[in-house]
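For reference, the structure is listed below as structure tokens.
The values are calculated or read from the model by the stated rules, or taken from the named source; none is laboratory data. Predicted, not measured: the structure shown is a model, and the values here were computed from it. Don't worry about glycine lacking a Cβ; one is built from the backbone with ideal geometry, like all the others, and counts go over all protein chains shown. Just so you know, the surface numbers come from the protein's heavy atoms only, side chains and all, with ligands and any DNA or RNA stripped out. Shrake-Rupley method; radii C 1.70, N 1.55, O 1.52, S 1.80 Å.
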Amino acid sequence: MPDARPVVAVTRSLPTEVEQVLARDFAVRLNEDDHPWSAEELEHGLRTADGLLCTVTDQITAERLAVQPLRTGILANFGVGFNHIDIEAAAVLGIAVTNTPGVLTDATAELTIALMLMVARRAGQGERIVRAGKWQGWGPTDLLGRTTIGRTLGIIGMGRIGRAVARMASRGLGMSVIYFNPSPVPAAEAIGAEPRDSVEAVLAESDFVSLHCPSTPATHHLIDADRLAAMQPGAYLINTARGDVVDESALINALENGHLGGAALDVYEAEPEVPQRLRQLENVVLLPHMGSATVETRVAMGLKAAANLAAFFRGEPLPDPVVAPGVSAPLRPGADRTRR
Ligand code: DGY
């Protein structure tokens, strides 16, 4: 008997538990070898599947969405950030877009704290020495870093992840937290984070600056050469948001000329490319976009994407709409998209 269930194409391998749920509920096409899809594969998916479960590695541009015939009615994104999807084009075509907010907040905040500690305490540098068999033994002046305890953390973008970082940093490390967000964040007061009225004001006061805003046209190169120069000498920059929020070349200059104490990055402008000049620096920690990479979180993200697909095909309200089905404008325009 032909399978009457909706066809769902999944662009990357997902945790087994998630793939089992998808196989139970849909006529699912899995990506067995987990290769990132090419433009042709994406277009084939859009032409032949009712729903696409996609990830940050899929560039779903207006050009891709212009395929004919277009069969896909929903793009269920596995992730909270959706800057890789042209949501205006999706909205015009009436394609629903969903994401997975909430379930990756703590994991991403936890990795942010890990990055901050690693760069301040030169942990990556120390590990490289041990792994290379170059450690000569303990020394009183070896690998001296900086403490985070009691220092000032500046947060740019006080959405869910920014607030979780603020909570962990103030409660766990006794840090003073200040932040800039384009709209007021009453929930930040409860965790003792103090607002500032501009990005510059945060940069001027912070020993550590952590970025938690989404990638939008307004935040492209938000941290540019001028703003890097406005950071305190010796300060550290942490980025677990999106690579293009920082002008990477300007950041490399600020690290090479010694203005910044260091940088800890989980995201890059042209992933998976990481510039050679950045990789050569000792005062940087470089991770491969793994903010949400815990078993618990990736399962929760997958189940959320599956729940969005199920609601769509049942004609029910979407749990996590970015673009609702059939509407001609994104549900979360401008200001709201700065609050992840
Ligand atoms: C997210 O959820 O945005 C992660 O960066 C993976 O896309």
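For His84, neighbours were defined as the other residues whose beta-carbon sits under 12 Å from its Cβ, and their charges (Lys and Arg +1, Asp and Glu -1) total -2. Which residues in segment 289-327 place their backbone N less than 17 Å from a point set 7 Å from the Cα of Glu17 along the Cα-to-Cβ direction? Hits in segment 289-327 for Glu17 at 17 Å: 292-308. Per-residue packing, averaged as other Cβ atoms within 10 Å, sorts the ranges 166-172, 128-134, 302-308, 45-51 into the order 302-308, 45-51, 166-172, 128-134, beginning with the highest.
With the simple spin-label model, which puts each label point 7 Å out from Cα in the Cβ direction, the Glu271 to Asn257 separation comes to 2.9 nm. Calculate, for Leu144 and Thr57, the FRET efficiency according to 1/(1 + (r/R0)^6) with r their C-beta to C-beta distance and R0 35 Å; round to the nearest 0.05. Using R0 = 35 Å, I get an efficiency of 0.35.
Relative to the current alpha-carbon distance between Met1 and Arg279, full extension at 0.36 nm per residue lengthens the span by 94.5 nm.
The angle separating the long axis of helix 39-48 from the principal Cα axis of greatest extent in the chain is about 40 degrees. Counted by Cβ distance under 10 Å from Val246, the other residues give a net charge of -3, where Lys and Arg count +1 and Asp and Glu count -1.
Counting only protein heavy atoms and a probe of 1.4 Å, the accessible surface of segment 113-166 is 54% carbon and sulfur. By the helix-only formula, in which each DSSP H run with n ≥ 4 contributes -39500 (n - 2.57) and the sum is divided by residues, the chain has a 222 nm mean residue ellipticity of -10000 deg cm²/dmol. Once both labels are positioned 7 Å from their Cα atoms along Cα-to-Cβ, the gap between Ala229 and Gln68 label points is 5.2 nm.
With the whole protein complex present, Glu282 retains an accessible surface near 100 Å², based on a 1.4 Å probe.
A simple rule links phi to the HN-Hα coupling: the Karplus curve 6.51 cos²θ - 1.76 cosθ + 1.60 with θ = phi - 60°, which for segment 156-170 gives 9, x, 9, x, 4, 5, x, 5, 5, 5, 4, 4, 5, 6, 7 Hz, with x for Gly and Pro. Note that the chain presents 46 Å² accessible area per residue, ligands and nucleic acids not counted, probe 1.4 Å. Taking the accessible area of segment 1-73, probe 1.4 Å, and keeping the other protein chains in place, the carbon and sulfur fraction comes to 53%.
Summarising the label geometry, the points placed 7 Å from Cα in the beta-carbon direction at Asp25 and Ser38 lie 3.2 nm from one another.
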